[in-house]
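Working notes, beginning with the structure itself.
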Amino acid sequence: MLRAYAVTDIGRKRQLNQDFIYLSETPVGNLPNLFIVADGMGGHKAGDYASRYAVETVVEEIGASFEKNPIRIMGAAIGRANALIRQRARENIAYNGMGTTMVAATCIGRYLEVANVGDSRLYVVNDRIEQITEDHSLVEEMVRMGGIDRASARNHPDKNIITRAIGARDYIDADFFNRELQPGDLVLLCSDGLTNMVEDAEIRRILTGEGSLKERTEELVAAANRNGGKDNISVIVIEPLADEVKHD
């Protein structure tokens, strides 16, 4: 029995919420469930349009797909969303330069399938917190090349520059990840409005602490706001194997 809860919040500093989230614990097309976080960018209202339109397109495409392979299903849907956002940006100058990150996941039995573009993240949390996705950002590339260390990356002035986004180029290159889940695992999808404000260790402490799934999810958002809430905050927390007992 899978359980999930989601919150999106404008934060303390922004005038507009450019994040958009989607949660379905029931089948969408040939996927048994579907969870998406998107963080839009672009002037005026282009960012919130990009994130919402991308998510709605991906959900629609997945719902209509006859494909069986989850990676192919999500990949084709993301490709379609990229093409449509590029088209809308060409048609309307107000949408010029818009784009969005996206992290999407589905739990198929004991397996987690993930698609990612940009710097919204997916973690698996249990005895430790593990980031499954890799940020498509300038700073993350600098870390991978050995130019800066992980601690310096957290507060780097260029940390908001992303290197891939839906809508940025005609060709979209998404990453895909597969992970076997264990009893007691929690899956977290989030925008950088959470991870820029709350350290990984604190995220793990909240998620593995007391309270219902709803209360723990809401506490993550509250922690980001207490720490400054400089961006929109979106969080989806999934208990994929909620009925299975964790064995020590």
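Each value in this text was obtained by applying a stated rule to the coordinates, not by laboratory testing. The model shown is predicted, which means the values in this text are computed figures rather than measured ones. No Cβ is skipped: glycine too gets one built from the backbone with ideal geometry, and neighbour counts run over all protein chains shown.
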Please report the relative contact order for segment 3-239, taking Cα pairs under 8 Å with a sequence separation of at least 6, and give it as a percent rounded to a whole number. 26
Kindly write out, for segment 113-123 in residue order, the coupling ³J(HN,Hα) from the Karplus curve 6.51 cos²θ - 1.76 cosθ + 1.60 (θ = phi - 60°), rounded to whole Hz, with x marking Gly and Pro. 10, 10, 10, 8, 9, x, 10, 6, 10, 10, 10
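Full extension from E202 to E180: what is 0.36 nm times the residue separation minus their Cα-Cα distance, to one decimal in nm? Intermediate values should be presented prior to the final figure.
Working: separation 22, 0.36 × 22 = 7.92 nm, distance 2.41 nm.
Extra length available between E202 and E180 comes to 5.5 nm.
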Spin-label model distance (nm) - M1 vs D243, 7 Å beyond Cα toward Cβ: 0.7
A correct fewest-to-most ranking of L16, L213 by other Cβ atoms within 10 Å would be L16, L213
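For segment 3-239, compute the orientation-averaged projected area of the C-alpha convex hull (one quarter of its surface), in nm². Write out the running numbers ahead of the final one.
Details: hull surface 49.2 nm².
Mean projected area for segment 3-239: 12.3 nm², to one decimal.
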May I ask for the distance between the Cα centers of segment 198-219 and segment 23-72, given as a whole number of Å? 25
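Arrange I78, I161 by Cβ neighbour counts within 10 Å, fewest through most, would you?
Values: I78 25, I161 12.
Fewest to most other Cβ atoms nearby, the residues stand as I161, I78.
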Would you compute, from DSSP H runs of 4+ residues alone, the mean residue ellipticity of the chain at 222 nm, taking -39500 (n - 2.57) per run and dividing by the full residue count, rounded to the nearest 500? -9500 deg cm²/dmol
So which DSSP H runs in the chain come out at 18 Å plus along the axis (Cα) with average Kyte-Doolittle of at least 1.0? none
Provide the FRET efficiency to the nearest 0.05 for the N30-R169 pair, computing r from the beta carbons and using R0 = 30 Å. 0.60
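So how do F66, F35 line up by other beta-carbon neighbours within 10 Å, fewest first?
F66, F35
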Spelling it out for I132: with amide H atoms placed in the peptide plane at 1.01 Å from N, the residues 5 or more places away or on another chain with amide H under 5 Å from its amide H are L122, Y123, V124
Run the simple label-point estimate for Y111 and E67 please: 7 Å along Cα→C-beta, distance reported in nm. 1.5
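Give me Rg over Rh for segment 12-101, both radii from the alpha carbons and Rh done the Kirkwood way, two decimal places.
On the way: Rg = 13.8 Å, Rh = 13.5 Å.
Value, to two decimals: 1.02.
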I need the phi-derived Karplus couplings for segment 21-27: 6.51 cos²θ - 1.76 cosθ + 1.60, θ = phi - 60°, integer Hz, Gly and Pro marked x. 10, 9, 9, 9, 7, 10, x
